[in-house]
Amino acid sequence: MNGRFKTIFHIDADAFFASVEQGFNPLLRGKPVIVGGKPDQRGVVHTASYEARARGICTGMPLVKAKALCPQAVFLKGDYEHYRAVSQIFQEIYLRFTPKVEFTSLDDAYLDLTGALHLYPSAEWVGRAIMREVEKRTGVSISVGIGSGKAIARIASSLKKPRGLVRVPPGKERAFLADLPVDVLPGIGRMAKERLTDLHIFKVGELAALPRLIPEQLFGKNGKTLWELANGIDPREVKRRTIPRQISRETSFEEDTADMRLIKGTLQYLTERIAKKLREQELTCRTLAVKIRYSDFRRHARSQSLDAPSNDAGQLFRQAEAIFDALRLRRVRIRHVGVAASHIEPARYQQFLFKESLRQESLNSAVDEIRRRFGFMALLPADTLELRCKYRMDRHGYILHNPALTR
Amino acid sequence: MTFEDIFEPIEVISHFRDGQLKPLRFKWNGRVYKIKQLNGHWVSHQGYNKQHHYSVISDSSDYFELQFDSSDFQWQVARVCLDG
């Protein structure tokens, strides 16, 4: 092992939700499976199995179009609790190989094996062992990328899906990246790609060969990072706990609605879920955003900063309601609402000057404890009970229109 | 092929061993189904309680998802797969 280089793994499940469904149900194996909802419902494809992808189905495609393209596909609405349980099994397996694991979502994670690699024959051996164990226990196939940094590992894991294992040897990062298109680099979206195309820069190697000043002038402070990534330089550490940039919850209504009690009840329910997530992770947010989509597909979004960082559901909902009232200017039915918390930071506990804040914090702690014991639906704000007329509920929460997307 | 949510209580004969629970047969709508194949098992948490989910194939080659709630020791048929 070369001491100068880190050994980072990026592990990504292949078509995760569809793979879980196929892994636990042999009748679905080999069939095109689409997770997102029933074809007669409104909504989009959340995940398509490789069999469905071969027939032209892709993530984000409307379900109606997917049905037209692939009428024989099996459409499933998805089960977030099942996917979370499978993700827990992934976590158990990864943590057996190294304690330094960063879980970035249900189905992908970074593992830092730099300090643990001497325990195993090779990095590839570890990769194959993890792939075998995951497939044996869950039936889900994964792809593994191994490199000296997080970006290299992530790019490598995406190159040979499904069931791929790609290792970039230390010191060969530049050569590995040179012939790949520029948009494989994290941070290069459609706009950035267009700007690079204008300069006749199509491959990562061409970006890497530029003097560092040019990307800096093009993309500001991100330009330096992009240039470094193009040259295989990625000093980012694998962190066991990461603070998310944003926590959002959103849903579409079964049918477009102008019923303000239903819309605000849904906003309150989504805000309640965000507040729960923030408190679970001991975080607060400084900014709240609300987005709505009308029946004519026009969308509006607005965000507002809070007076002070908060994870109190009542306070967050008051802010969300104020934003919604200011945002909703058209007399058109609404099809989709969402709430997002951003500028997230660790909660700081300090002595309060006023008793009211202390009381609120005690109340939140009591609510959290009751939910820990009896489940989320044990306590709900009264206004959200309006949703009972529209949605079925289980003890995890309301079963919203697109449950796989809305947690 | 479509899936239907059922969530109806059932009677189950199961096997406990080494802390593991394995359903063997269940009775639903007056009919007894023998479990031919256990495809997988996962656990979801509901507060302090656990719900055990079993994906099974019956002797009639039908797919079922069975659910065992550790809070009240009740079994349910959660989902079935309707072929066609």
Where a ≥ b ≥ c are root eigenvalues of the Cα gyration tensor, a/c under 1.5 meaning rounded, otherwise prolate if a/b exceeds b/c and oblate otherwise, segment A:174-230 counts as rounded
Quick one: B:72, A:312, fewest Cβ neighbours within 10 Å first, how do they rank? B:72, A:312
Alpha-carbon Rg/Rh ratio, for chain B, with Rh computed the Kirkwood way: 0.95
With a cut-off of 8 Å between alpha carbons and a minimum separation of six or more residues, what is the relative contact order of chain B in percent? 32 percent
Using Cα pairs under 8 angstrom and six or more residues apart, how large is the relative contact order of segment A:23-92, in percent? 33 percent
CD proxy at 222 nm, helix term only [per DSSP H run n ≥ 4: -39500 (n - 2.57); per residue of chain A; nearest 500]: -11500 deg cm²/dmol
Taking segment A:246-406, how much of its Cα-Cα pair set, in percent, is spaced more than 19 angstrom apart? 54 percent
Starting from the Cα gyration tensor of segment A:58-210, multiply each eigenvalue by 5, take the square root, and state the resulting semi-axes largest first in whole Å. 29, 27, 12
Taking the simple approach of a point 7 Å from Cα along Cα-to-Cβ for both residue A:175 and residue B:45, what is their distance in nm? 4.7 nm
In whole angstrom, largest first, the equivalent ellipsoid semi-axes that the Cα gyration tensor gives for segment A:277-350 are 27, 11, 9
Report the Cα-based extents of segment A:61-141 along its three principal axes, largest first, to the nearest Å. 53, 22, 21
Quick one: compute the contact order of chain A, relative version, from alpha carbon pairs under 8 angstrom and 6+ residues apart, as a percent. 15 percent
Proximal lysines relative to residue B:27, as straight alpha-carbon distance under 20 Å, when same-chain residues fewer than 8 apart are discounted: B:36
Could you name the aspartates and glutamates in cross-link range of residue B:22, using Cα to Cα under 17 Å and dropping any fewer than eight places away on the same chain? B:11, B:59, B:65, B:69
Taking 27 Å as the cut-off for C-alpha to C-alpha distance, list the pairs among A:276/A:390; A:136/A:203; A:77/A:264; A:100/A:161 that go past it. A:136/A:203
Looking only at segment A:1-159, where both bridge partners belong to it, what percent of the DSSP beta bridges are antiparallel (to the nearest 5)? 85 percent
Could you tell me the ratio Rg/Rh of the protein assembly as shown? Both radii from Cα atoms, Rh via Kirkwood. 0.98
Between the alpha-carbon centers of segment B:27-53 and segment A:188-220, tell me the distance in whole angstrom. 54 Å
Once both label points are put 7 Å beyond Cα along the C-beta direction, the residue A:159-residue A:287 separation in nm becomes 3.6 nm
With N set to the number of residues, divide the alpha-carbon radius of gyration of segment A:49-98 by 2.2 N^0.38 Å and report two decimals. 1.59
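Any read-out appearing in this document is the output of simple, stated calculations on the displayed coordinates, not a laboratory observation. Keep in mind that what you see is a predicted model, and the values were worked out from it rather than measured. Note that each Cβ is placed from the backbone with ideal geometry, even for glycine, and that neighbours are counted across all protein chains shown.
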